[in-house]
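Enquirer: Please read through the structure below; I'll follow up with questions.
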Amino acid sequence: MKILAVSDRVVNSIYSPCIRERFGDVDMVLACGDLPYSYLEYIVSMLNVPCLFVHGNHDHPEFTENGRTLHKPGGWINVDQRTVFVKGILVGGLEGSIRYKPRAPFQYTEREMVYKVWRMTPALVMNRVFYGRYLDILITHSPPFGIHDGRDLPHRGFRALLGLMARFKPRYLLHGHKHIYGVECSKTRHVDTEVINVYPSRVIEWQLANGR
């Protein structure tokens, strides 16, 4: 199985008539935020596969040329604070970044993110009961604290994600938010989880192992 993950920047080779030639074999698309909703709608309409997303801290309503106002991408499943079982894979999500502006949407304090993880926990426990595992892939906008994050407040990662990985052990945590320049690290192993910065796009080969 192939999974296309996107985040933070429009990729010309994806937002083009060639998308089916290059990515027509992907089985699922995951979006980690800060992308135009029209871009995401183009992807789902062209690839016609399950598409799941979380919001980024820069997401906002989009006004289109035909007069529509997009508040979310049509055809996509918002997995913030929940999990879904798609094509044999358990996918969950947590939106947003650390709060650096008062009352800004899709921004959270560390305490608020801990609460979001707590609210997600019953679904993770039920996954364990029904599927034998808590979670396969967690998509977030922000990285975990100390892994691929920045020293400035807007790009600081969440400590709550470290606890989630330690307890629930997803195979992957895919995130965006932190743009990559040069030779910056984009893949890090933490406990049992592969943490990957997918900016601006990445194809992940999913291979079943140990029942997953």
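Taken together, the values in this text are just the output of simple stated rules run on the coordinates, not laboratory data. This is a predicted model, so every value here is computed, not measured. We place every Cβ from the backbone using ideal geometry, glycine too, and count neighbours over all the protein chains shown.
Enquirer: For R159 and K72 in the same chain, what is the full-extension length gain: residue separation times 0.36 nm, less their Cα-Cα distance, in nm? Don't skip to the answer; put the middle values down first.
Expert: Numbers: separation 87, 0.36 × 87 = 31.32 nm, distance 2.75 nm.
Taking 0.36 nm per residue and subtracting the Cα distance, the gain is 28.6 nm.
Enquirer: Long-range amide H contacts for R156: which residues qualify at under 5 Å (H placed 1.01 Å from N, peptide plane, sequence gap of 5 or more or a different chain)?
Expert: Amide H neighbours of R156: G150.
Enquirer: With θ set to phi - 60° and the Karplus curve 6.51 cos²θ - 1.76 cosθ + 1.60, what are the ³J(HN,Hα) couplings of segment 156-170 in order, to the nearest whole Hz, using x for Gly and Pro?
Expert: 6, x, 9, 5, 4, 5, 5, x, 4, 5, 5, 8, 9, 6, x
Enquirer: Please list 3J(HN,Hα) in residue order for segment 113-127, calculated via the Karplus relation 6.51 cos²θ - 1.76 cosθ + 1.60 where θ = phi - 60°; whole Hz, with x for glycine and proline.
Expert: Residue by residue, segment 113-127 yields 5, 4, 5, 5, 5, 4, 5, 7, 4, x, 5, 5, 5, 5, 4 Hz.
Enquirer: Continuing with the same structure: Given R₀ = 45 Å, FRET efficiency for V203-K101 by Cβ-Cβ distance, to 0.05? Write down the numbers at each step before the final one.
Expert: Values: r = 34 Å, r/R0 = 0.75.
Plugging the Cβ-Cβ distance into 1/(1 + (r/R0)^6) gives 0.85.
Enquirer: Next question. Set Lys and Arg Cβ to +1 and Asp and Glu Cβ to -1, take the dipole of segment 160-212 about its Cα centre, and tell me which of V195, I180, P170 lies farthest positive.
Expert: Of V195, I180, P170, it is P170.
Enquirer: Shape verdict for segment 100-212, please, from the Cα gyration tensor: rounded (a/c under 1.5), prolate (a/b greater than b/c) or oblate. If you can, show how the numbers build up before the last one.
Expert: Values: a/c = 2.23, a/b = 1.22, b/c = 1.83.
Cα axes put segment 100-212 in the oblate bin.
Enquirer: Another question, if that's okay. Where does the charge balance sit around H190 when Lys and Arg score +1, Asp and Glu -1, over other residues with C-beta under 13 Å from its C-beta? Don't skip to the end; give the middle numbers.
Expert: Numbers: positive: R159, R167, K169, R171, K187, R189; negative: D149, D192, E194.
Every neighbour counted, the sum reads +3.
Enquirer: In sequence order, what are the phi-derived ³J(HN,Hα) couplings for segment 22-29 according to the Karplus relation 6.51 cos²θ - 1.76 cosθ + 1.60 with θ = phi - 60°, rounded to whole Hz, with x for glycine and proline?
Expert: Couplings: 8, 10, x, 9, 6, 9, 6, 10 Hz.
Enquirer: Right, here's the next one. Give me, ordered by chain and number, the residues 5 or more places off L173 or on other chains with an amide H under 5 Å from its own placed amide H.
Expert: Under 5 Å from the amide H of L173 lie the amide H atoms of L138, E194, V195, I196, each far enough along the sequence or on another chain.
Enquirer: Could you state the principal axis extents of the C-alpha atoms in segment 2-205, from the largest down, to the nearest angstrom?
Expert: Here the Cα extents, ordered largest to smallest, are 43, 40, 35 Å.
Enquirer: Same structure again: Calculate, for F63 and C18, the FRET efficiency according to 1/(1 + (r/R0)^6) with r their C-beta to C-beta distance and R0 35 Å; round to the nearest 0.05. Let's see the in-between values first.
Expert: On the way: r = 27 Å, r/R0 = 0.77.
Here the calculated transfer efficiency is 0.80.
Enquirer: Going by Cα centres, segment 129-160 and segment 100-116 are how many Å apart?
Expert: So the two Cα centres are separated by 14 Å.
Enquirer: Shape verdict for segment 25-65, please, from the Cα gyration tensor: rounded (a/c under 1.5), prolate (a/b greater than b/c) or oblate.
Expert: On the way: a/c = 3.52, a/b = 1.45, b/c = 2.42.
The shape class here is oblate.
Enquirer: Could I ask something else about it? About its Cα centre, how strong a charge dipole does segment 1-106 have in debye, to the nearest 20, once Lys and Arg get +1 and Asp and Glu get -1 at the Cβ?
Expert: Values: 11 positive and 11 negative charges, 45 e Å.
I would put it at about 220 debye.
Enquirer: Run the dipole for the chain about the Cα centre, Lys and Arg Cβ at +1, Asp and Glu Cβ at -1, nothing else charged, and hand back the magnitude in debye, nearest 20. Present the calculation step by step, with values, prior to reporting the outcome.
Expert: Details: 27 positive and 20 negative charges, 142 e Å.
My answer is approximately 680 debye.
Enquirer: How much mean residue ellipticity at 222 nm does the chain get from its helices, if each DSSP H run of length 4 or more adds -39500 (n - 2.57) and you divide by all residues, to the nearest 500 deg cm²/dmol? Before the final figure, lay out each step's value.
Expert: Values: 4 runs with 48 residues, N = 212.
The per-residue figure over the chain is -7000 deg cm²/dmol.
Enquirer: Near the amide H of V86, under 5 Å away, which other amide H atoms are found, from residues 5 or more places off or on another chain, if H is placed in the peptide plane?
Expert: The answer is V91.
Enquirer: OK, next. Once you have the Cα-Cα distance between E110 and V10, take 0.36 nm times their residue separation minus that, and quote the gain in nm to one decimal.
Expert: Details: separation 100, 0.36 × 100 = 36.00 nm, distance 2.88 nm.
Taking 0.36 nm per residue and subtracting the Cα distance, the gain is 33.1 nm.
Enquirer: Let me ask something additional. If I stretch the segment between R151 and D27 completely, what's the gain in nm (0.36 nm per residue apart, minus their alpha carbon distance), one decimal? Show your work: numbers first, answer last.
Expert: Working: separation 124, 0.36 × 124 = 44.64 nm, distance 3.57 nm.
Extra length available between R151 and D27 comes to 41.1 nm.
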